[in-house]
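As structure tokens, the structure follows; a few thoughts come after it.
The values are calculated or read from the model by the stated rules, or taken from the named source; none is laboratory data. Fair warning: this is a prediction, and the values are worked out from it, not measured in the lab. Because the Cβ atoms are built from the backbone with ideal geometry, glycine has one as well, and the counts that use them run over all protein chains shown. To get the accessible areas, we keep the full protein, side chains included, count just its heavy atoms, and leave off ligands, DNA and RNA. Shrake-Rupley method; radii C 1.70, N 1.55, O 1.52, S 1.80 Å.
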Amino acid sequence: MYDIIIIGGGPAGLTAGLYSARARLDVLLLERLAPGGQVLTTDWVENYPGFPDGVSGFELIDRMKAPGQKKVVYTSQGQLETKAIILACGATWKKLGIEGEEDLIGRGVSFCATCDGPFYRDQEVAVIGGGDTAVEEALFLTRFVSKVYLIHRRDELRATKLLQERAMAEKKIEFIWDTVPQRILGHDGVEAIECDHRQ
């Protein structure tokens, strides 16, 4: 009794097999010829994501099969062997790099609305940016603050349409278009943001 049986070992079947194995499922993949299907007999594949210059069918399938092979991690204490490697190296926030930012981190300058949003209850705040992260943070902050100024250097958001629609419908969010922050002002905490409005 298998958890999953995959019939067909082309790119879709191999991908399904890979994710099933990563989920620690007992999986059987059936293919009448060799893993790869028709792509294996294709001389040159020019429309596969990740290969802008194209790739031979044989090399593409060889790479797709590679995740099932043994991996070696080299450490100062020697070699370690594994079937899969997970990189969980963490992340860091993107700073503006403007005057006053570094000095006021933790005193009004924050990089995590879900972490620090409740500290700004009933206050006016600013979010810098127009992508998904900025819009999501602005929307989250509306639960606590009285007003969110979303400052963006362009005249339209880059966030997904769904997030844009939610933000545009939110009365607590005011958009400041074509504007770039120049410096953050304040001594014991953020008092103001000096911006350059682009015409």
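Residues of the stretch 57-68 being open to solvent by less than 70 Å² (accessible area, probe 1.4 Å) and either at pLDDT below 75 or farther than 29 Å from residue 81 by Cβ (or both), which ones?
Within the stretch 57-68, 57, 64, 66, 67, 68 meet the criteria.
Out of all the residues in the stretch 120-137, which are of a type in the set (Val, Ile, Thr) and open to solvent by 30 Å² or more (accessible area, probe 1.4 Å)?
128, 133
Confirm whether residue 156 is open to solvent by 80 Å² or more (accessible area, probe 1.4 Å) and either touching an Asp or Glu at 6+ places or on another chain (Cβ under 8 Å) or under 18 Å from residue 93 (Cα atoms) (or both).
no
Taking the stretch 8-55 as the region of interest, how many residues are β-branched (Val, Ile, Thr), open to solvent by 40 Å² or more (accessible area, probe 1.4 Å) and free of Cβ contacts under 8 Å to residues at least 24 places away in the same chain?
Of the residues in the stretch 8-55, 2 are β-branched (Val, Ile, Thr), open to solvent by 40 Å² or more (accessible area, probe 1.4 Å) and free of Cβ contacts under 8 Å to residues at least 24 places away in the same chain.
Collect the residues in the stretch 164-199 that are open to solvent by less than 40 Å² (accessible area, probe 1.4 Å) and over 20 Å from residue 123 (Cα atoms), keeping them in residue-number order.
164, 179, 180
Can you tell me which residue within the stretch 159-197, out of those that are part of a loop (DSSP other than H, G, I, E, B), under 27 Å from the mean Cα position of the chain (by Cα) and at pLDDT below 95, is nearest to residue 117 (Cα to Cα)? Lay out the reasoning, then the answer.
If we filter the stretch 159-197 for residues that are part of a loop (DSSP other than H, G, I, E, B), which is where we start, we get 159-160, 170-172, 177-178, 186-191.
From the residues that got through so far, the ones that are under 27 Å from the mean Cα position of the chain (by Cα) too are 159-160, 170, 172, 177-178.
Now restrict to residues that are at pLDDT below 95: 159-160.
Working: 159: 21, 160: 23 Å.
Top of the filtered list is 159.
Report, by residue number, each residue of the stretch 97-119 that is surrounded by fewer than 18 Cβ atoms within 10 Å (Cβ to Cβ) and closer than 23 Å to residue 167 by Cα.
Hits for the stretch 97-119 are 111, 112, 114, 115, 116, 118, 119.
Kindly list, by first and then second residue, each pair from a residue in the stretch 179-196 that is polar (S, T, N, Q) to a residue that is part of a strand (DSSP E or B) and surrounded by 13 or more Cβ atoms within 10 Å (Cβ to Cβ), limited to pairs with Cβ atoms under 7 Å and residues at least 6 apart or on different chains.
From residues that are polar (S, T, N, Q), the pairs are 179/151; 179/195; 182/195.
Find the residue count for the stretch 92-111, including only residues that are part of a loop (DSSP other than H, G, I, E, B) and either touching a residue at least 24 places away in the same chain (Cβ under 8 Å) or not hydrophobic (A, V, I, L, M, F, W, C) (or both). First the steps, then the outcome.
Let us first name the residues in the stretch 92-111 that are part of a loop (DSSP other than H, G, I, E, B), namely 92-98, 100-101, 106-108, 110-111.
So of that shortlist, the ones also either touching a residue at least 24 places away in the same chain (Cβ under 8 Å) or not hydrophobic (A, V, I, L, M, F, W, C) (or both) come out as 92, 94-98, 100-101, 106-108, 110.
Counting residues in the stretch 92-111 that are part of a loop (DSSP other than H, G, I, E, B) and either touching a residue at least 24 places away in the same chain (Cβ under 8 Å) or not hydrophobic (A, V, I, L, M, F, W, C) (or both) gives 12.
Go through the stretch 1-33 and give me each residue that's among the small types (Gly, Ala, Ser), in a helix (DSSP H, G or I) and farther than 17 Å from residue 60 by Cβ.
Correct list: 20, 21.
Looking at 54, 78, 8, can you tell me which residue is touching an Asp or Glu at 6+ places or on another chain (Cβ under 6 Å), on the phi > 0 side of the Ramachandran plot and at pLDDT 80 or above?
Selected residue: 54, the only one of 54, 78, 8 that is touching an Asp or Glu at 6+ places or on another chain (Cβ under 6 Å), on the phi > 0 side of the Ramachandran plot and at pLDDT 80 or above.
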